């Protein structure tokens, strides 16, 4: 059976949702990808799951201003950010960990972080705090981006987002191609962020990572939120996994 949609509100510390998306449609040229997406989230972790090509990455890019919506609203902390530039969205307090990491191969780990660390002085996340969260990056601080393993690159990509000290971090396929031990590190990082008052919206294909990062699971089908379920319901329902994710238990 399909898990029912959750209708309870998900509120932030101020009693209202931190992120509310209503009727959001967007695409590329004449090709519409998002078709009336609606959901809200507070200071929590939420995972977007679904088969490839369902619009998950397009949703991330639309929130971040990389794709312009054709209709709908994206309210973050009470302000409609739909149609803003990526820089304006970031200044509002939304950080992005894109799929593919997009690091500078010639810059060292420390140089990547120090570019943003100057604006992080006096805030929660500094370069030193990032090194504490990801000790492996501290060990590799003098290595260039091209010299890092896939897991180390992913940690660095997350670290850059943390240095923006936003209230919401969006991660697109953070566990893709990573060893299980590195996935565990990312899961622990997401949990720690939520405990410290940072909301996390994650796109995940890895069923274990998705269900251990967040209890709320939003299933995307053909550019819409088809249903909402929980981590426990998703992990225990092989029929649901096959129908929406194309995987076996």
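The values are calculated or read from the model by the stated rules, or taken from the named source; none is laboratory data. Remember, predicted model here, so these are calculated numbers, not experimental data. Neighbour counts run over all protein chains shown; Cβ positions are idealised from the backbone, glycine included.
For region 108-163, please list each of the helices (runs of 4 or more DSSP H) lying entirely inside it that holds at least 3 residues being within 15 Å of residue 190 (Cα to Cα). Reasoning before the result, please.
On the way: elements: 109-117, 127-133, 135-139, 150-162.
Per the criteria, 127-133, 150-162.
Checking the conditions here, which among 73, 108, 85, 79 is in contact with a strand residue (DSSP E or B) (Cβ under 9 Å, 6 or more places away or on another chain) and under 30 Å from residue 26 (Cα atoms)? Let's see the steps before the verdict.
On the way: 108 fails: under 30 Å from residue 26 (Cα atoms); 85 fails: in contact with a strand residue (DSSP E or B) (Cβ under 9 Å, 6 or more places away or on another chain); 79 fails: in contact with a strand residue (DSSP E or B) (Cβ under 9 Å, 6 or more places away or on another chain).
Unique residue meeting the criteria: 73.
Tell me the residue from 79, 73 that is at pLDDT 90 or above and surrounded by 15 or more Cβ atoms within 10 Å (Cβ to Cβ), please. I'd like the intermediate steps shown before the answer.
Values: 79 fails: surrounded by 15 or more Cβ atoms within 10 Å (Cβ to Cβ).
Step by step, each of 79, 73 is checked, and only 73 is at pLDDT 90 or above and surrounded by 15 or more Cβ atoms within 10 Å (Cβ to Cβ).
Working only within region 99-111, note down all residues that are at pLDDT below 90, crowded, with 18+ Cβ neighbours inside 10 Å and either within 21 Å of residue 192 (Cβ to Cβ) or more than 20 Å from the chain's Cα centre (by Cα) (or both).
In the first step, residues of region 99-111 are kept if they are at pLDDT below 90; the result is 99-106.
Narrowing the set further to residues that are crowded, with 18+ Cβ neighbours inside 10 Å leaves 101, 103.
Matches in region 99-111: 101 only.
Criterion first (crowded, with 22+ Cβ neighbours inside 10 Å and touching a strand residue (DSSP E or B) at 6+ places or on another chain (Cβ under 8 Å)) does residue 203 satisfy it?
Numbers: crowded, with 22+ Cβ neighbours inside 10 Å: yes; touching a strand residue (DSSP E or B) at 6+ places or on another chain (Cβ under 8 Å): yes.
When the stated conditions are applied, residue 203 passes them.
Which of the residues that make up region 130-153 are crowded, with 16+ Cβ neighbours inside 10 Å and closer than 21 Å to residue 194 by Cα?
Scanning region 130-153 gives 130, 131, 133, 134.
Filter region 8-23 down to the residues that are modelled with pLDDT of 75 or more and out of contact with any helix residue (DSSP H, G or I) (no Cβ under 9 Å at 6 or more places or on another chain), then identify the one that is surrounded by the most Cβ atoms within 10 Å (Cβ to Cβ). Quick ask: steps written out before the conclusion?
Restricting attention to region 8-23, the residues satisfying the condition of being modelled with pLDDT of 75 or more are 17-23.
Remaining after also requiring out of contact with any helix residue (DSSP H, G or I) (no Cβ under 9 Å at 6 or more places or on another chain): 17-18, 20, 22-23.
Details: 17: 21, 18: 23, 20: 20, 22: 16, 23: 13.
The selected residue is 18.
Taking the options 211, 229, name whichever one is closer than 22 Å to residue 193 by Cβ and crowded, with 18+ Cβ neighbours inside 10 Å. Break it down into steps so the answer makes sense when it comes.
Working: 229 fails: closer than 22 Å to residue 193 by Cβ.
Selected residue: 211, the only one of 211, 229 that is closer than 22 Å to residue 193 by Cβ and crowded, with 18+ Cβ neighbours inside 10 Å.
Does region 167-183 include one or more residues that are crowded, with 18+ Cβ neighbours inside 10 Å, on the phi < 0 side of the Ramachandran plot and assigned to a helix (DSSP H, G or I)?
yes
Taking only region 46-99 into account, find how many residues are touching a helix residue (DSSP H, G or I) at 6+ places or on another chain (Cβ under 9 Å), assigned to a loop (DSSP other than H, G, I, E, B) and either free of Cβ contacts under 8 Å to residues at least 60 places away in the same chain or under 15 Å from residue 161 (Cα atoms) (or both).
Number of matching residues: 10.
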